[in-house]
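The values are calculated or read from the model by the stated rules, or taken from the named source; none is laboratory data. Since this is a predicted model, take the numbers as computed values, not measurements. Don't worry about glycine lacking a Cβ; one is built from the backbone with ideal geometry, like all the others, and counts go over all protein chains shown. Ligands, DNA and RNA are stripped out before the accessible areas are found, and what is left, the full protein with its side chains, is counted by its heavy atoms. Shrake-Rupley method; radii C 1.70, N 1.55, O 1.52, S 1.80 Å.
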Amino acid sequence: IEIYSLHVDCKVTSRFAHTVITSRIVNRANESREATFEVELPKTAFITNFSMSIDGKVYPGVIKEKAAAQKEYDTAVSRGQSAGLVKIRDRKLELFHVSVSIAAASKVTFELTYEELLKRQLGKFELLIKVRPKQLVKHFQIDVHIFEPQGIRLLETDSTFMTNELTEALTKVQNETKAHILFKPTIDQQRANPELDDTLLNGDFVVHYDVKREATAGDIQIVNGYFVHYFAPSEMPVFPKNVIFVIDRSGSMAGRKIEQTRDALLKILQDLRPEDHFGFITFSNTVVEWKSSLLPATQENVASAAAFVQTLSARGGTDINGALLSAVGALDKAKDLPERSVSMVILLTDGQPTSGETNVEEIQENIQKAINGKYALFCLGFGFDVSYKFLEKMALSNGGIARRIYENADAALQLQGFYQEVATPILMKIEMQYPENAIEGLTRNSFTLFFEGSEIVVSGKIRNELDLLPVEIKAQSHTSDLTLKEEANVKEKEQIFQDQRYIFGNFIERLWAYLTIQQLLEKAISAPEEDQKALEAQALELSLQYSFVTPLTSMVVTKPADQQQGELANKPTEAG
């Protein structure tokens, strides 16, 4: 079985990435063989299309409601269920895998399309393409086209497998608003060794970029009656933080995990600013406060905290409820905190609650009542024994986010990386306001916190023939209350995309749908049960309308009649 052509074609238009992967395979054997197509794609992406064509006959993938697809599938395959076609691969990727039996000398073309909105983190957008053909490929090509009307400020490619020879196969062409990156290694350049057929192409091909920002009230782009508004202020004074680290030291954290936690905390302590206040609470079946109150991050206090972190050891049960209530209590009674400051609790745990209150619903209720919108709660789940659903619901109900920390060599870096994302709050209580009667289907437009290096994205549908779209942003910075205003000229904005060759026409509409689905699903996590159904119904409708494989839809992959019928591609979620 020979992959004679593999093409990755990626078009990024104003952060929205549309990737098509085409693999052409021929069976050079003189009998039937299994041809396999494997793609590792970002977890944040939605698959929108898949097809196989065998000797010119096309077998398309069809996107349906998950329950309906499952039922159909179970009927077709009465001998129990085979594994789905998509599974979580690691921290950032999931794996799409399909194989089909093809006759001697037959050819098959696989084509997979997925889309995602690139998210700005620590000042950059990241486009990740996983490259793992497992054999030398005669025609191998990665094409990345980027079009950013705001202008490209920075562009870099990074790859985990580059050699000097392979660098010669990489070209970058860039002007003010566009970039084209082409990676086209010959068979000889792909070889790991001149005598053998092993390939060097195994790893990540990454493009990082950022855009220029002129306008203070962000940048608005409009296509076919849909708009997207990007807002990422910079060079603002940073809010002082009051942060309590709540660290699990139950028995299951023993060994590698607690070591990695210590390493990460020591680095994080160095990153605290002098005007920050901080505290530690550690817990097993008992809850221990490091100091009775939050301390300013002076050199002495940081040194004394570092000495304490060095002594962290793990044994006992897990009283998450008691630990979080102590943290909230400590923030409630804290004195002398800077007047305009941001308070947050960062929980790190690797297990289920086993001590104190162990009913997760009760814990969620207790914590939400105690926090009452005053502080942000971030939950980090270490490994796969945590109830991620529980942590995610608790974080989202209290103005924060949850993140799974994968148990591998870079766990300490994952912890540190997470802290860096939330280390520099520069705005709070951000309201993005648009004329009410002129916009429908507005995505989320109020945000508790904005961190340096990230970006706020709001999208919606412009109702009637508007000439000007006025926007107003209200927010609090460390030093003042801000009101920023901007007016977008609809016709002028539409013009920008008119003459662009490689734009898929309705990309802002698809971006809007992608963002709306993501937000509805996220909202459903922390919503009461009756609202959950309505939110999911709305997300399902959009998933079907725009053909996205989301956690509510499945793609039925059809195969030639003589083979096992209709496999399912589902969207895995972190909560499983």
Taking H placed 1.01 Å from N in the peptide plane, check which residues at least 5 places from ILE405 or on another chain put their amide H under 5 Å from its amide H. GLY381, PHE382, GLY383
Counting Lys and Arg as +1 and Asp and Glu as -1, what is the net charge of the other residues whose Cβ lies under 11 Å from the Cβ of ILE54? +2
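For the stretch 324-467, what is the percent of antiparallel DSSP beta bridges, rounded to the nearest 5?
Approximately 40 percent, going by the DSSP bridge assignments.
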Cα gyration tensor of the stretch 147-301, axes a ≥ b ≥ c as square roots of the eigenvalues: rounded (a/c below 1.5), prolate (a/b > b/c) or oblate? oblate
Extension gain, HIS180 back to GLU440 (0.36 nm per residue minus Cα-Cα distance, nm): 90.1 nm
For semi-axes √(5λ) of the Cα gyration tensor in Å the list reads (1) 41, 30, 25; (2) 101, 46, 39; (3) 61, 34, 23; the calculated value is entry (1)
Can you give me the C-alpha center-to-center distance between the stretch 235-257 and the stretch 174-232, rounded to a whole angstrom? 33
Taking the solvent-accessible surface of protein heavy atoms with a 1.4 Å probe, what is the per residue accessible area of the stretch 378-467 in Å²? 40
Using 0.36 nm times the number of residues separating LEU170 and GLU407, minus their current alpha carbon distance, what extension gain do you get? 81.9 nm
Roughly how far apart, in whole Å, are the Cα centres of the stretch 367-396 and the stretch 285-302? 22
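Which net charge results for the neighbourhood of GLU486, defined as the other residues with beta-carbon distances under 10 angstrom from its beta-carbon, given Lys and Arg at +1 and Asp and Glu at -1?
So the environment of GLU486 carries a net charge of -2.
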So how exposed is ASP74, as accessible area in Å² (1.4 Å probe, rounded to 10)? 70
Heavy atoms of THR573: accessible area, 1.4 Å probe, square angstrom to 10: 50
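Given a Förster radius of 45 Å and the C-beta distance between LYS291 and ASP204 as r, what FRET efficiency does 1/(1 + (r/R0)^6) yield to the nearest 0.05?
My answer for the efficiency is 0.60.
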The equivalent-ellipsoid semi-axes of the stretch 241-423, taken as the square roots of five times the Cα gyration tensor eigenvalues and listed largest first in whole Å, are 22, 20, 15
So for the chain, averaging the separation of alpha carbon pairs under 8 Å that are six or more residues apart and normalising by length, what relative contact order in percent results? 17
Leaving out ligands, DNA and RNA, and with a 1.4 Å probe, what % of the accessible surface on the chain is carbon or sulfur? 47
Amide hydrogen neighbours beyond the local backbone of GLU94, cut-off 5 Å, H modeled: LEU41, LYS43, ARG89
Which FRET efficiency value, to the nearest 0.05, do you get for ASN193 and ASP55 by plugging their Cβ-Cβ distance into 1/(1 + (r/R0)^6) with R0 = 35 Å? 0.50
Could you go through the stretch 91-101 in sequence order and give the Karplus-derived ³J(HN,Hα) for each residue, using 6.51 cos²θ - 1.76 cosθ + 1.60 with θ = phi - 60°, rounded to whole Hz, and x for Gly and Pro? 4, 10, 10, 10, 10, 9, 9, 9, 9, 9, 8
When the Karplus curve 6.51 cos²θ - 1.76 cosθ + 1.60 is applied with θ = phi - 60°, which whole-Hz ³J(HN,Hα) does each residue of the stretch 472-483 get, with x for Gly and Pro? 9, 10, 10, 7, 10, 9, 4, 9, 7, 8, 10, 10
Which of PHE497, SER547, LEU535 sits closest to the plus end of the dipole of the stretch 451-559, meaning its Cα is farthest towards the positive end, when Lys and Arg get +1 and Asp and Glu get -1 on the C-beta? SER547
Rounded Å value of the spacing that divides the Cα centres of the stretch 458-480 and the stretch 484-561: 20
May I ask for the angle, rounded to the nearest 10°, between helix 360-371 and the longest principal axis of the chain, with both axes built from Cα atoms and the value confined to 0 to 90°? 50
Net charge, PHE384 excluded, C-beta distance under 11 Å - Lys, Arg +1, Asp, Glu -1: -3
Mean residue ellipticity at 222 nm from the helices of the chain, using -39,500 (n - 2.57) per DSSP H segment of n ≥ 4 over the full residue count, to the nearest 500 deg cm²/dmol? -7500 deg cm²/dmol
Segment ASP481-LEU544, extension gain: residue separation times 0.36 nm, minus the distance between their alpha carbons: 18.5 nm
Cα-based Lys pair tally, the stretch 241-423, threshold under 27 Å, eight or more apart or on separate chains: 27
Calc'd 3J(HN,Hα), the stretch 16-26, phi into Karplus 6.51 cos²θ - 1.76 cosθ + 1.60 (θ = phi - 60°), Hz, glycine/Pro = x, comes to 8, 9, 10, 10, 10, 10, 10, 10, 10, 10, 10
THR424's amide H: which non-local residues (gap 5+, or another chain) put their own amide H closer than 5 Å, with H modeled 1.01 Å from N in plane and none for Pro or chain starts? GLU452
Using a 1.4 Å probe and ignoring any ligands, DNA or RNA, find the accessible area of ILE88 and quote it in Å² to the nearest 10. 60
Using a Förster distance of 56 angstrom, determine the FRET efficiency expected from the C-beta separation of GLU2 and LYS429, and round it to 0.05. 0.40
